[in-house]
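The values are calculated or read from the model by the stated rules, or taken from the named source; none is laboratory data. Since the model is a prediction, treat every value here as computed from it, not as a measurement. Counting neighbours? That spans all protein chains shown, and the Cβs are built from the backbone with ideal geometry, glycine included.
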Amino acid sequence: DKGDYRHYMLKEIYEQPQAITDTLAGKLADDHVFTSILGPDAEQQLHQIENIHIVACGTSYHAGLVARYWIEEQAGIACQVEVASEYRYRTVSVPANTLLVTISQSGETADTLAALRYAKKQNYLGTLAICNVAGSSLVREAGWRLLTQAGPEIGVASTKAFTTQLVALLWLTTALAQAKQRAPEIINANIRALRNLPGLVEQVLQLEPGIEQLAQSFASKHHALFLGRGPHYPVAMEGALKLKEISYIHAEAYAAGELKHGPLALVDEDMPVVSVAPSDSLLEKLKSNLEEVRARGGQLINFACERAGLETSEGVTHIDMPWVYDSVSPIVYTLPLQLLSYHVALVKGTDVDKPRNLAKSVTVE
Ligand code: F6R
């Protein structure tokens, strides 16, 4: 039931504060996380992990790409991320003490399930499924399971499933950091950030009117570029995927530093460039990338914190984001991109909940 919402997608976007709260329920104490939810000896097994391989498809793959930045930085564990359709058909080299992590909303994606079955025949230390469906094949077949509590997701374009996957992955990162006895500040900061997250997401949802306005000028375009750096690069990838999926506008994401290695040639006044620009350590680098775009007449749309002090000038639109803790920033910055693609699709009149040629659950390869 869509309730008062025009589409399931919009309803699911607005369900995110609750979905995040539900996903975190019973997982956080004041100064540690409850690793026992994974199993009785989980903390000791987490301590042994030296490598992580993450395998997933589509939006769930993007969640894995964000997590790589967290896991390597905060837990000090080497992490690789791969799409399941590639992973399953190649010979994978598995170093000692590697955990395999699969991520899936449905738990029935054919390639992801095949990847897990393949992995179970390799010498992994263990397998973990992060999944939104408790009784799914993936959850049944994985060694460990970490359930997201997004509730049923009807819209084909994944929204609340993605942000709750990120929440589960930040929790996992915190659990690994704890098991590896990393600095307590890392753990405490993540717990604080996760606890504040539902309120912050609520706040960002109030930006919808400004984003709706922005969508008007976007809808006549044929191409768009999304730029980000660090963990906001996969957030930009997810923003581009959402836009192409439901509005059929061709969109691509680049790590902002790659701009001058090719895609800058595409930039002109007909090419909107969306930048995901939180106030983090990479902001200054990103700013100079954005100047390159402006110098070529590209229309810039910045999702940035007021404090970032990005310059306003003609051709530059800002959506002011609240200040956020670094670790949850990729989650928070996903929201305006969901709203942007939703409103662009509305202006274009496409079928938001059931985009052409796509199925909600891809159970064949
Ligand atoms: C995009 C989208 C897809 C899915 C992908 C994997 O909005 O929903 O890219 O993320 O098909 O599906 P799951 O997560 O069910 O394995």
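Filtering the stretch 44-68 to residues that are over 13 Å from Ala168 (Cα atoms), within 10 Å of the ligand (Cβ to nearest atom) and touching a Phe, Trp or Tyr at 6+ places or on another chain (Cβ under 8 Å) leaves Thr59, His62. Scanning the stretch 104-138 for residues that are part of a strand (DSSP E or B) and of a type outside the set (A, V, I, L, M) returns Ser104, Gly126, Thr127, Cys131.
Condition check ((1) part of a loop (DSSP other than H, G, I, E, B); (2) among the basic types (Lys, Arg); (3) at pLDDT below 90) across all residues:
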| residue | (1), (2), (3) |
| --- | --- |
| Ala304 | no, no, no |
| Asp320 | no, no, no |
| Val324 | yes, no, no |
| Pro330 | no, no, no |
| Thr334 | no, no, no |
| Leu339 | no, no, no |
| Ala345 | no, no, no |
| Thr350 | yes, no, no |
| Arg356 | yes, yes, yes |
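The residues on offer are Ala256, Ala175, and the sole one that is modelled with pLDDT under 95 and of a type in the set (A, V, I, L, M) is Ala256.
Just to be sure, is Ser136 surrounded by fewer than 24 Cβ atoms within 10 Å (Cβ to Cβ), near the ligand (Cβ under 10 Å from one of its atoms) and at pLDDT 95 or above? It is true that Ser136 is surrounded by fewer than 24 Cβ atoms within 10 Å (Cβ to Cβ), near the ligand (Cβ under 10 Å from one of its atoms) and at pLDDT 95 or above. Restricting to the stretch 4-59, and then to whatever is charged (D, E, K, R) and part of a loop (DSSP other than H, G, I, E, B), can you tell me which residue is surrounded by the most Cβ atoms within 10 Å (Cβ to Cβ)? If we take residues in the stretch 4-59 being charged (D, E, K, R) and part of a loop (DSSP other than H, G, I, E, B), then Glu15 is surrounded by the most Cβ atoms within 10 Å (Cβ to Cβ).
Inspect the stretch 193-203 for any residue being within 24 Å of Arg356 (Cα to Cα), in contact with a Lys or Arg (Cβ under 9 Å, 6 or more places away or on another chain) and buried (at least 20 other Cβ atoms within 10 Å of the Cβ) and give the result as yes or no.
First, pick out the residues of the stretch 193-203 that are within 24 Å of Arg356 (Cα to Cα): none.
No, because not a single residue in the stretch 193-203 is within 24 Å of Arg356 (Cα to Cα), in contact with a Lys or Arg (Cβ under 9 Å, 6 or more places away or on another chain) and buried (at least 20 other Cβ atoms within 10 Å of the Cβ).
Candidates in the stretch 80-103 are the residues that are assigned to a strand (DSSP E or B) and surrounded by fewer than 21 Cβ atoms within 10 Å (Cβ to Cβ); of these, the one that is farthest from the ligand (Cβ to nearest atom) is Gln80. A count restricted to the stretch 139-187 and to residues that are within 14 Å of the ligand (Cβ to nearest atom), under 14 Å from the mean Cα position of the chain (by Cα) and part of a helix (DSSP H, G or I) stands at 9.
Okay, residues lined up against (1) surrounded by fewer than 23 Cβ atoms within 10 Å (Cβ to Cβ); (2) away from the ligand (no atom under 12 Å from the Cβ); (3) of a type outside the set (Val, Ile, Thr):
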{"site": "Asp326", "(1), (2), (3)": "yes, yes, yes"}
{"site": "Tyr333", "(1), (2), (3)": "no, yes, yes"}
{"site": "Leu339", "(1), (2), (3)": "no, yes, yes"}
{"site": "Val347", "(1), (2), (3)": "yes, yes, no"}
{"site": "Thr350", "(1), (2), (3)": "yes, yes, no"}
{"site": "Asp353", "(1), (2), (3)": "yes, no, yes"}
{"site": "Leu358", "(1), (2), (3)": "yes, no, yes"}
{"site": "Val364", "(1), (2), (3)": "yes, no, no"}
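Selection of the stretch 237-283 for residues being within 16 Å of the ligand (Cβ to nearest atom) and in contact (Cβ under 8 Å) with a residue 60 or more places away in the chain yields Met237, Glu238, Gly239, Leu241, Lys242, Leu243, Glu245, Ile246, Ser247, Tyr248, Ile249. Considering only the stretch 29-72, state which residues are within 17 Å of the chain's Cα centre (by Cα) and among the charged types (D, E, K, R). Across the stretch 29-72, the qualifying residues are Arg68, Glu72. Whenever a residue of the stretch 85-105 is closer than 15 Å to Asn51 by Cβ, its partners that are polar (S, T, N, Q) and part of a loop (DSSP other than H, G, I, E, B), lying with C-beta atoms within less than 6 angstrom and at least six residues away or across chains, give the pairs Val94/Gln122; Val94/Asn123. Scanning the stretch 242-252 for residues that are of a type outside the set (Lys, Arg) and crowded, with 24+ Cβ neighbours inside 10 Å yields Leu243, Ile246, Ser247, Ala251.
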